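Chemist: Quick one: structure below, then a few questions.
The values are calculated or read from the model by the stated rules, or taken from the named source; none is laboratory data. Quantities reported herein were computed from a predicted structural model and do not represent experimental measurements. Cβ coordinates were reconstructed from backbone atoms using ideal geometry, including for glycine residues, and neighbour counts include every protein chain displayed.
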Amino acid sequence: MYAGIDLGSRNVKVALMKDNGKFNLHKYDTVSFYRQYGRMEEGQLVVDLAGAGLADMKLQNIVSTGYGRQTINLKGTKNIPEIKAHVTGAVHLAGIKDFTLLDLGGQDSKVAKVVNGRMHDFETNDRCAASTGRYLENMAAVLDIDMKELSRYHEHPVDLTSTCAIFGETELIGKVVEGHPVSELAAGVNYTIFKRIKPMLLKLKSPKLVFTGGVARNAALKKIVEQEISVEVIVPDNPQYAGAIGCAVTALENDII
């Protein structure tokens, strides 16, 4: 069995790849994971796999990546760049080799152009939360709705112009005071995400777009991307595990080599 570990900003995702090609998927809160199962030894993070319920899996090879990869060296694993992990995972999940990858996570956004199964070019934004899952969570809280309801709305969006996640909340509250319906406010929130990623999508555009990351479960944003830039948007199963699955696939490939 091969393991892929994605050390995300909000969650640690683990994909265990069986011999039949199927996966066991696990998710942990990042801070709780480090507190309960991790300890530092000589500058490397050592994970208690037994405590995390993964020790009895007879792991043959482990590859890791993630938001914390640059500052956390996971002992006993091969570390690969986050964008490589997500591209590999998207190719495996979608079953196609030519597409644009859009990955929206908790605190960053990534767009890559994939040609013949390999990354041709990419852009990423990890400096501002305004096009991420955390932004959507905060805005949903302002509207007093959950993420599932937020993802329903894309029609008649209220125009929100702030490019800052914090100031965006203030602007949204002002729109609430003006009396706009929740459906149009929610649609406006979803459109703000699109407007912030649109330049990257247009620069690296392909006829097909594979949407991964936790935000990929936002059906409204999927429709907005399809309508606004005229592409086919594919949301694979378990899109939030693309990075971990890409690591597991890489672990298998490295073992074969």
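Chemist: So, of the residues in the stretch 35-61 that are modelled with pLDDT under 75 and outside any loop (DSSP other than H, G, I, E, B), which turns out to be surrounded by the most Cβ atoms within 10 Å (Cβ to Cβ)?
Modeler: MET57
Every residue, every condition in (1) at pLDDT below 95; (2) more than 24 Å from the chain's Cα centre (by Cα); (3) among the hydrophobic types (A, V, I, L, M, F, W, C), yes or no:
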position: PRO157; (1), (2), (3): no, yes, no
position: SER162; (1), (2), (3): yes, no, no
position: ALA165; (1), (2), (3): yes, no, yes
position: SER206; (1), (2), (3): no, no, no
position: LEU209; (1), (2), (3): no, no, yes
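Chemist: Does MET1 satisfy being within 17 Å of ALA251 (Cβ to Cβ) and crowded, with 21+ Cβ neighbours inside 10 Å?
Modeler: In short, no.
Chemist: Test ALA140 against the stated conditions and say whether it is at pLDDT 90 or above and touching a Phe, Trp or Tyr at 6+ places or on another chain (Cβ under 6 Å).
Modeler: In short, no.
Chemist: Looking at TYR153, TYR135 in this structure, which one is surrounded by 18 or more Cβ atoms within 10 Å (Cβ to Cβ) and modelled with pLDDT under 90?
Modeler: TYR135
Chemist: Looking at the stretch 47-64, can you tell me whether even one residue there is under 17 Å from the mean Cα position of the chain (by Cα) and in contact (Cβ under 8 Å) with a residue 40 or more places away in the chain?
Modeler: yes
Chemist: Note down all Cβ pairs under 6 Å where the first residue falls in the stretch 232-252 and is farther than 14 Å from ILE62 by Cβ and in contact (Cβ under 8 Å) with a residue 12 or more places away in the chain, the second is among the small types (Gly, Ala, Ser) and in a strand (DSSP E or B), and they're at least six residues apart or on different chains.
Modeler: Final answer for the pair search is TYR241/ALA15.
Chemist: Go through (1) at positive phi; (2) modelled with pLDDT of 95 or more and name the single condition GLY213 misses.
Modeler: Only one criterion in (1) at positive phi; (2) modelled with pLDDT of 95 or more is unmet by GLY213, namely (2).
Chemist: Looking at VAL158, VAL189, VAL215, which is the one that is within 30 Å of ILE80 (Cβ to Cβ) and among the aliphatic types (A, V, I, L, M)?
Modeler: Answer to the selection: VAL215.
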